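Working notes, beginning with the structure itself.
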Amino acid sequence: MQFDLGFVRRGDRTVLDRRIFSWPFVITRTFRLDPVPAHMLTVIAQSSSGAFHGEDHLRQHLRLEEGAAAHVTTQGATSVHRADNGLTAYETVNIGIARGAYLEYLPEPRILFPGAALVQRVNIHCAPGGMAIVADAFTSHDPDRRNRPFRALEATTALYLQEDEPVLIDRMSIGGPGRLQPSRYKAFGTMLAIMSLPPETLGRIALDLSAQLTGVSGLYAAASVLPGNAGIGVRFAACDLRLLRLGSEMAWFAFRRMIFGTPPVSRRKDPGA
């Protein structure tokens, strides 16, 4: 099961020069939504199944050639259903960003149901002069309201600025028997803004963004400079998905203003959310 897209710059626009997908992935059309950057292409990846199952092995490959710009998102939050013992859903995302290319990879959150097991790996290879905003988020949900936990979640993000040496490996592993402990926070996320700026500039941006996010009731979030001054990372913990989406959108808008001088066109899928 794969999703393989290649983006190239042709004149004043970005186009797809590779478009390969198999079940459950679906792509119907692309969009040109942003006046700035005017050459950005938006892709909304859809899923015909709408969920992860225990036997799924999903692979995504995104490659941006020099000067291309793309925004890749999903149509909505993705459920991760119960996996029988011995079964685990796997998702691998490989991202390649060439010099002068710009990617926004902002999928909707994963919703882990009781008994779900998911292993996720995101590998980002960003050449000097490339930029990216990459996000990941999850929450748990028990439709019977019995606080039954998901079985396991293992998520790893690796950032490479050189061919083989990672500048960042961020790993999270959650699992075990029992019930979920009551907590104010129900939804969690991370956003990486990969860019080359002076360390003092990155530090100032992180402080300013942290101050903005602190003003949102029900959201606990902070920004910091990535290892090797590779950019800025933001962590979110929210009382619900609505607040997580709000915090993520605030960070995305702030990064877009910083890079291009103007906020993006909102891609909100549900105005009432």
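Values quoted throughout were computed directly from the atomic coordinates according to the rules given, and no laboratory measurement underlies them. Being a predicted model, the structure only gives us computed values, none of them experimental. Please note: Cβ atoms are built from the backbone with ideal geometry, for glycine as well, and neighbour counts cover all protein chains shown.
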Percent antiparallel among DSSP beta bridges (both partners in the chain, rounded to 5): 45
Distance from the range 214-273 to the range 105-167 (C-alpha centre basis), Å: 16
Cα-Cα P(r), the range 72-210, percent of pairs per 10 Å interval: 10, 36, 31, 17, 5, 0
Per-bin percent of Cα-Cα distances, the chain [5 Å]: 1, 5, 12, 17, 19, 18, 14, 8, 4, 1, 0, 0
Positive-end residue of Leu168, Ser47, Leu246, charge dipole of the range 2-260 with Cβ unit charges: Leu246
Unit charges on C-beta of K, R, D, E only; dipole of the range 2-260, Debye: 620
